[in-house]
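S.K.: Got a structure here, written out as C-alpha cells. Questions coming.
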Amino acid sequence: MPTLSNSESSVAEFSPSARWSFGRQVCPQRFPANFADMCQFLVGHANTQQVHVIVRYDGRIDATHLQRALRMVVVAEPILGCRFVEHWYRPYWQRRDDHESMDLCTVVESVYPERELAEFLEAEMDPRVDPMIHVRVIRGDRDTLCYKMNHVAGDAPSLMKIIAMVSKNYLQGRTGPDVAPTVNLRSRDHSEVIRHFPISHRLRVIGSFLANQRKTRNLWLLKADQVGERRDGGHYYIRRLEPDVGVAAAKLAKRKRTTMTVVMLAVLYRTLRRHIGVTGEEGLGVGTTVDHRNYLPAKERELSPVANLSGPSRMFVPLPADASLEQVVEVINEQFKRSHKQRLLGLNYPGVILAMPVIRWLLLPVPFGWVHRLLKWGTRSQLRGLVRACGLANAGEMAPLFPEFDGVKVVDALATVSIYRAAGMGFFMSQFNGAVTISLGATESLAKPEVCELILDGISQELCSLEESSRPMPSASTEVPGQ
C-alpha cells in the first residue's frame, strides 16, 4: 500500500490526488443511492437532516493536521466526497468535481465564539450541493470545534466513527508517515444486516413492523398557543447538567437493572405529561434510536462505518400522569427486554423493511419522484398539525472519542441532531466525564422557544429531584442539648 512521508522541517499537506488516483482503480464515479439514503432525503422537509458534535479544547489545535486527517477519512469513505443527485427515477451519488480541493475544515477567529457556533449549527446543509461533512474551528481564547454531517450520508453513530478515524489519522500523521486508506465500497444500507437473518426472523421483523403501524404513535398534543408559524430559522436549545445528576440517574439504572437510555426515556415521559397534552387511550409513546450495527457479526461492525443503520424503537406507556418515575422505568424496561430477547429491538423501522429482497424488487419499478410527491402530499396535514411524536437518542459517554492533541486537551463535548420543523420532537443526550447534556433543535412550527425551554427546564427538574432523592438522609443527632 503506498505511503506519503512528511518533511522533517514542515508538515506536508495531505495530497488527495495521490489517494484518489490509488482509489480510481476500484472507486466508481457514481454510487447508487440505497433506500436508506432516499428515505433520509425524503424526510428533509420535516427536519434539517444534520448531526453535530461540539468539542471544546483548553488551547489551540493544529488545523492543518486536522484538515489532512479529515481528508483521509473522505478518501476512505467515498460517499463523503459525493453529492446527492435527485434523479426523477433513481437518485444516485456522484463524485464531486472538486473532491480534491473542497474545503472540509474552516478556521474562524471570533471575539464571540458562541454566536459563531450558533450560526454554524443552524446553517442548513444541502446534500445536492454542499459537502457531506464540514468541520469549523472557532478560535477565541480557546478552540471550539464543531463537526457537521449530513444525515442523508450517515447517522449519528457514523459521525462518532468518523471522529474516531479523524483522531487516529491526526495522531498517526504526527508520529509517522501517512498510509493511504483502504477505500470502503461495501453496501451501506440495512441489506448488510438483513442478509444475516434467517427467513423465520425476517418474517417476524415484518410482522413486528405491521403491528407497530397499527398502534397510535403520535400521542403528544400541543396547544395552539404553543406552536408558531415559521418553519425556518430554527434554534438549538441546550441544557448541561452537573455530573452528580448523571451519577444519580446511573444509580437508578443500576438498581432497576436497566440502562441510562431507559431512565432518560422515563424522565422525558414524565416531563411531557406535565407540560404537553395527550391524545389516544392505548398508551403514550416515547421512542429512542437503536444502532442496527449491533445485529452484525462482531468482525463486521466496523466495516461499514458511514451509513444510515439506525432506526427508532418505540415504547408505549399505559400509565397515568401521576405515575412515579420508577413505575415508568419498569414499564419501558420490560418492553426493552422483551424486544431485545426476541431480537426485534428497533427493527420495525421502514428502512429495514425496504431492505428486504422481495420488497426491494417490488419497489424497483416505482419512480422516486412519484414517491417524493406522494409523501409530501400525505404528510402535509400532519406537518401543519399540533400532534407530535417524541423521542430521545443517547450518544453515551463521549470522552473516549477525543485523545489529547499535542498537549491540548478536550474540556467538554456534546452532540446535537437535526432542527425539527414539525411532527417529531427529538431530544439528544450525551455525556462527558459524567456530565449530562440534553439538546433539542426546533423551529417555531414545532414549538415556540418558551415551550422548548419549559420542557428542558422540566427535564432538569426531574433529574435534579432524582439526584436529591439519592442523597443519604442525615443521621439523627445523639448530642444532649446544652452540652
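The values are calculated or read from the model by the stated rules, or taken from the named source; none is laboratory data. These numbers come from a predicted model, not from an experiment. Positions of Cβ are generated from backbone atoms using ideal geometry, with glycine treated the same way; all protein chains shown enter the neighbour counts. Heads up: the accessible areas ignore ligands, DNA and RNA and are worked out on the full protein's heavy atoms, side chains in. Shrake-Rupley method; radii C 1.70, N 1.55, O 1.52, S 1.80 Å.
S.K.: Can you run phi through the Karplus equation (6.51, -1.76, 1.60; θ = phi - 60°) for region 289-305 and list ³J(HN,Hα) in whole Hz, with x for Gly and Pro?
M.R.: 8, 10, 7, 6, 4, 5, 8, 7, x, 3, 6, 9, 5, 9, 7, 10, x
S.K.: For a protection proxy built on the mean count of beta-carbon atoms within 10 angstrom, sort 446-455, 368-377 highest first, please.
M.R.: Output ranking for 446-455, 368-377: 446-455, 368-377.
S.K.: Of (1) 0.95; (2) 1.02; (3) 1.10, which is the value of Cα Rg over 2.2 N^0.38 Å derived from the coordinates here?
M.R.: (2)
S.K.: Then there's this: Give the dimensionless ratio obtained when the Cα radius of gyration of region 295-406 is divided by 2.2 N^0.38 Å.
M.R.: Compared with the compact-globule rule of thumb, region 295-406 sits at 1.47.
S.K.: Leaving out ligands and nucleic acids, note down the accessible area per residue over the chain with a 1.4 angstrom probe, in whole Å².
M.R.: Solvent-accessible surface per residue comes out at 46 Å².
S.K.: How big, on average over all directions, is the shadow cast by the Cα convex hull of region 116-163, in nm²?
M.R.: Answer in nm², one decimal: 3.6.
S.K.: Order 42-50, 55-63, 154-162 from most to least packed using the mean count of other Cβ atoms within 10 Å.
M.R.: Numbers: 42-50: 20.2, 55-63: 17.3, 154-162: 24.9.
Result, highest mean Cβ count within 10 Å first: 154-162, 42-50, 55-63.
S.K.: Right, here's the next one. Can I get the semi-axes of region 81-128's equivalent ellipsoid? Compute them from the C-alpha gyration tensor as square roots of 5 times the eigenvalues, in angstrom, largest first.
M.R.: After diagonalising the Cα gyration tensor, the semi-axes are 30, 15, 5 Å.
S.K.: Rounded to the nearest 0.05, what FRET efficiency do D232 and L362 give with R0 = 35 Å and r taken as the Cβ-Cβ distance? Could you check?
M.R.: E(calc), rounded to 0.05, equals 0.45.
S.K.: If you take every DSSP beta bridge whose two residues both sit in region 69-173, what share of them, in percent to the nearest 5, is antiparallel?
M.R.: Details: 11 of 16 bridges.
Looking only at bridges with both residues in region 69-173, the antiparallel portion is about 70 percent.
S.K.: When 1/r is averaged over all different Cα pairs and the result inverted, which Kirkwood radius in Å belongs to region 50-113? Mind showing how you got there, number by number?
M.R.: Values: mean 1/r = 0.0694 Å⁻¹.
For region 50-113, inverting the mean 1/r across all distinct Cα pairs yields 14.4 Å.
S.K.: Sticking with this structure for a sec: Based on Cβ point charges of +1 for Lys and Arg and -1 for Asp and Glu, what charge dipole magnitude is obtained for the chain about its Cα centre, in debye rounded to the nearest 20?
M.R.: Result for the chain is approximately 2160 debye, rounded to the nearest 20.
S.K.: Could you work out the per residue convex hull volume over the alpha carbons of region 204-350, in cubic angstrom? Before the final figure, lay out each step's value.
M.R.: Numbers: hull volume 25.5 nm³, N = 147.
About 174 Å³ per residue, rounded to a whole number.
S.K.: A follow-up question, please. If the reach is capped at under 18 angstrom between alpha carbons, list the aspartates and glutamates near K148, excluding any in the same chain fewer than eight residues apart.
M.R.: Hits, sequence-local ones excluded: D37, E77, D103, E114, E116, E119, E122, E124, D126, D130, D412.
S.K.: Contour minus end-to-end for V247 and D457, with contour as 0.36 nm per residue of separation and end-to-end as the Cα-Cα distance?
M.R.: Taking V247 through D457 to full extension adds about 73.7 nm, to one decimal.
S.K.: Determine the percent antiparallel among the DSSP beta bridges restricted to the chain, to the nearest 5.
M.R.: 80 percent
S.K.: Further question on the same structure: Quote the Stokes-Einstein diffusion coefficient, in whole µm² s⁻¹, for region 226-276, based on the Kirkwood radius over alpha carbon pairs, a temperature of 37 °C and a viscosity of 0.692 mPa s.
M.R.: This corresponds to a translational diffusion coefficient of 244 µm²/s.
S.K.: Please find the FRET efficiency linking R343 to K254, where r is the Cβ-Cβ separation and R0 is fixed at 25 Å, and quote it to the nearest 0.05.
M.R.: With R0 = 25 Å, the Cβ-Cβ based efficiency is 0.50.
S.K.: Oh, and also: Under 18 Å Cα-Cα from K223, which lysines qualify once same-chain neighbours fewer than 8 residues away are excluded?
M.R.: By straight Cα distance, K223 reaches K448.
S.K.: May I pose another question? Within the accessible area of region 358-425, what % is carbon and sulfur when the probe is 1.4 Å and the other protein chains stay in place?
M.R.: Carbon-and-sulfur percentage of accessible area, whole number: 65.
S.K.: A follow-up question, please. Could you grab the relative contact order for the chain? Cα pairs under 8 Å, six or more apart, rounded to a whole percent.
M.R.: Computed over the chain, the figure is 23 percent.
S.K.: Compare the Cα positions of P403, V366, H292 along the charge dipole of the chain (+1 at Cβ of Lys, Arg; -1 at Cβ of Asp, Glu; about the Cα centre) and return the one farthest towards the positive end.
M.R.: Positive-most Cα among the choices belongs to V366.
S.K.: Using modelled amide H (1.01 Å from N, peptide plane; none on Pro or chain starts), what sits under 5 Å from the amide H of A389, excluding residues fewer than 5 places away?
M.R.: G424, M425
S.K.: About its Cα centre, what dipole magnitude does region 33-142 give when the only charges are +1 on Lys and Arg Cβ and -1 on Asp and Glu Cβ, stated in debye to the nearest 20?
M.R.: 280 debye
S.K.: Further question: For region 97-172, which whole-number percentage of the solvent-accessible area (1.4 Å probe, protein heavy atoms only) is attributable to carbon and sulfur atoms?
M.R.: The C+S portion of the solvent-accessible surface of region 97-172 is 48 percent.
S.K.: Continuing with this model, one more query. Karplus couplings for region 417-429 from phi (6.51 cos²θ - 1.76 cosθ + 1.60, θ = phi - 60°), rounded to Hz, Gly and Pro as x?
M.R.: Along region 417-429, the couplings run 10, 6, 8, 8, 9, 5, 6, x, 10, x, 9, 10, 10 Hz.
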